[in-house]
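Colleague: The structure is given below, and queries will be raised subsequently.
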Amino acid sequence: MRIRNILVGLVVAVLLAGGGAAYWWTQTRSDLPAEIASGNGRIEAETVQVATKSGGRVLEVLVQEGDYVTAGQVLARIDTNELTASLAGAEANVAAATDTVASATALIAQRQSELKYAEQELERAKTLVAKGHISQQEADQRQTSKETAEAALAAAKAQLANAESSVDAARAEVRRIGTLIEEAELTAPIAGRVQYRLAEPGEVLSAGGRAITLIDLADVYMTIFLPTADVGRIFIGAEARIIIDAAPEYVIPASVSFVSADAQFTPKEVETRTEREKLMFRVKIKIPADLLREHIEKVRTGLPGEAYVMMAPGTAWPERLTVNLPPVAE
């Protein structure tokens with residue numbers, strides 16, 4: 001009997017707690033003006049993957065998960081010994097190709113001199129033939145010599161063009177390898193917080209291997225789902241408010257940055273079956289970047305909360321949704 005009484009007491013307590021929660025939920029929703037739509041969500045942020053451009057062994061990782069980094073800060077370094085050797089070979093190819101260009105240029109000068117001499121000899125032969133001092137056969141030989149000199153000059157010019165192309169190709173290879181060496185220092189493309197440290201010293205990463213995941217603290221938002229009736233009255237840029245469960249005393253200003261063009265079911269996290277059966281639209285509520293910069297140390301992703309959207313521009317917000325921000329850290 002005693003056990004039965006305890007069980008009955010527990011059931012009653014659960015029912016009372018559930019009823020209280022339902023009453024609170026109904027009351028908080030019912031006091032919202034008709035011009036305001038609301039939905040539950042979590043604070044999210046865009047992520048950026050910092051990856052290698054070419055494969056290599058990780059020498060060092062300079063940040064820890066949770067660290068705040070600035071744009072351009074070095075996050076990790078990849079071993080460049082192999083690339084350095086390749087660079088030396090490419091620079092040697094540049095030097096060799098440059099020498100070939102010099103040789104081809106000198107050969108052109110020689111062929112030009114030979115052609116000039118052959119042309120002069122041909123002109124003298126024509127004069128001597130006219131005077132009967134030499135035979136036509138000898139004049140024809142000098143004509144052949146001139147044509148041979150012209151062909152030799154053309155070949156020398158082609159060699160020069162090829163040598164110059166080789167120099168350009170070798171220099172391009174030097175630039176390519178140099179770029180890979182520079183990019184072996186993995187730097188932060190944005191200012192943000194390190195979410196994941198995906199590689200450790202000694203690991204070998206393939207080309208495109210991810211080393212660090214960053215959270216872009218300048219692009220923080222909450223995604224909510226609203227029914228068709230509400231979405232039809234919402235526009236991009238509409239005023240919004242966000243309240244985080246962990247700090248319900250603060251009301252964060254925001255705005256609508258995205259409204260899905262296609263209807264979809266609400267996420268599984270929605271508690272009631274009737275709400276899950278409704279087709280909803282995804283709406284993104286974004287926090288202003290300048291506000292995020294002022295409170296950068298307080299920005300945390302993953303925190304649950306609720307967003308409120310004003311569907312009637314110019315309407316005053318209720319007092320409990322008046323903007324109230326935490327003090328700025330000095």
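Colleague: Hey, among I181, I190, which residue is β-branched (V, I, T), closer than 30 Å to L87 by Cα and surrounded by fewer than 17 Cβ atoms within 10 Å (Cβ to Cβ)?
Modeller: I181 is the lone residue from the list that is β-branched (V, I, T), closer than 30 Å to L87 by Cα and surrounded by fewer than 17 Cβ atoms within 10 Å (Cβ to Cβ).
Colleague: For region 98-118, how many residues meet the condition of being loosely packed, with under 15 Cβ neighbours inside 10 Å and farther than 30 Å from A170 by Cα?
Modeller: So the answer is 3.
Colleague: Is it the case that A95 is loosely packed, with under 13 Cβ neighbours inside 10 Å and assigned to a helix (DSSP H, G or I)? Give the derivation first.
Modeller: Values: loosely packed, with under 13 Cβ neighbours inside 10 Å: yes; assigned to a helix (DSSP H, G or I): yes.
Spelling it out, A95 is indeed loosely packed, with under 13 Cβ neighbours inside 10 Å and assigned to a helix (DSSP H, G or I).
Colleague: Could you tell me whether D79 is more than 25 Å from I296 (Cα to Cα), at pLDDT below 90 and of a type in the set (D, E)? Show your work before the answer.
Modeller: Details: more than 25 Å from I296 (Cα to Cα): yes; at pLDDT below 90: no; of a type in the set (D, E): yes.
So D79 does not fit the description; no.
Colleague: When you go through (1) surrounded by 13 or more Cβ atoms within 10 Å (Cβ to Cβ); (2) without any contact (Cβ under 8 Å) to a residue 24 or more places away in the chain; (3) not polar (S, T, N, Q) one by one for L160, which number turns out not to apply?
Modeller: (2)
Colleague: Of all the residues that make up region 233-266, how many are of a type outside the set (D, E, K, R) and outside any strand (DSSP E or B)?
Modeller: The first filter runs over region 233-266 and keeps only residues of a type outside the set (D, E, K, R), leaving 234-238, 240, 242-244, 246-248, 250-261, 263-266.
If we keep only those that are outside any strand (DSSP E or B) too, we end up with 234-238, 246, 260-261, 263, 266.
Result for region 233-266: 10.
Colleague: Would you pick out the residues in region 306-330 that are in contact with a strand residue (DSSP E or B) (Cβ under 9 Å, 6 or more places away or on another chain) and under 21 Å from G66 (Cβ atoms)? Step through it out loud before you land on a result.
Modeller: First pass over region 306-330, keeping only residues in contact with a strand residue (DSSP E or B) (Cβ under 9 Å, 6 or more places away or on another chain): 306-313, 315, 317-318, 320-326.
Selection gives P326 alone.
Colleague: Does R171 satisfy the condition of being over 30 Å from L62 (Cα atoms), modelled with pLDDT of 90 or more and either crowded, with 16+ Cβ neighbours inside 10 Å or under 60 Å from the mean Cα position of the chain (by Cα) (or both)?
Modeller: Numbers: over 30 Å from L62 (Cα atoms): yes; modelled with pLDDT of 90 or more: yes; either crowded, with 16+ Cβ neighbours inside 10 Å or under 60 Å from the mean Cα position of the chain (by Cα) (or both): yes.
Yes: the conditions hold for R171.
Colleague: Within region 177-218, can you find the residues that are small (G, A, S) and without any contact (Cβ under 8 Å) to a residue 60 or more places away in the chain? Give the derivation first.
Modeller: Within region 177-218, the subset small (G, A, S) is 178, 184, 188, 191-192, 199, 202, 206-209, 211, 218.
Hits for region 177-218: nothing passes.
Colleague: Being under 30 Å from S166 (Cα atoms), of a type outside the set (S, T, Y) and not assigned by TED's automatic domain parsing to the domain that holds Q159: is that true of G55 here? Give the derivation first.
Modeller: Working: under 30 Å from S166 (Cα atoms): yes; of a type outside the set (S, T, Y): yes; not assigned by TED's automatic domain parsing to the domain that holds Q159: yes.
So G55 fits the description; yes.
Colleague: Six or more apart or on different chains, Cβ under 7 Å: which pairs go from a residue in region 125-147 that's over 19 Å from E114 (Cβ atoms) to one that's loosely packed, with under 12 Cβ neighbours inside 10 Å? Could you list them?
Modeller: Filtered contacts from region 125-147: V129/Q136.
Colleague: While we're on this one: Among the residues of region 253-264, are any buried (at least 18 other Cβ atoms within 10 Å of the Cβ) and more than 28 Å from the chain's Cα centre (by Cα)?
Modeller: No.
Colleague: Looking at region 54-68, is at least one residue at pLDDT 90 or above, touching a Gly at 6+ places or on another chain (Cβ under 6 Å), among the β-branched types (V, I, T) and within 30 Å of R193 (Cβ to Cβ)?
Modeller: No.
Colleague: Only one residue in A92, A71 is modelled with pLDDT of 90 or more and assigned by TED's automatic domain parsing to the domain that holds A151, so which one is that? First the steps, then the outcome.
Modeller: Numbers: A71 fails: assigned by TED's automatic domain parsing to the domain that holds A151.
Residue meeting the stated conditions: A92.
The values are calculated or read from the model by the stated rules, or taken from the named source; none is laboratory data. Keep in mind it's a predicted model, so treat the numbers as computed, not measured. Don't worry about glycine lacking a Cβ; one is built from the backbone with ideal geometry, like all the others, and counts go over all protein chains shown.
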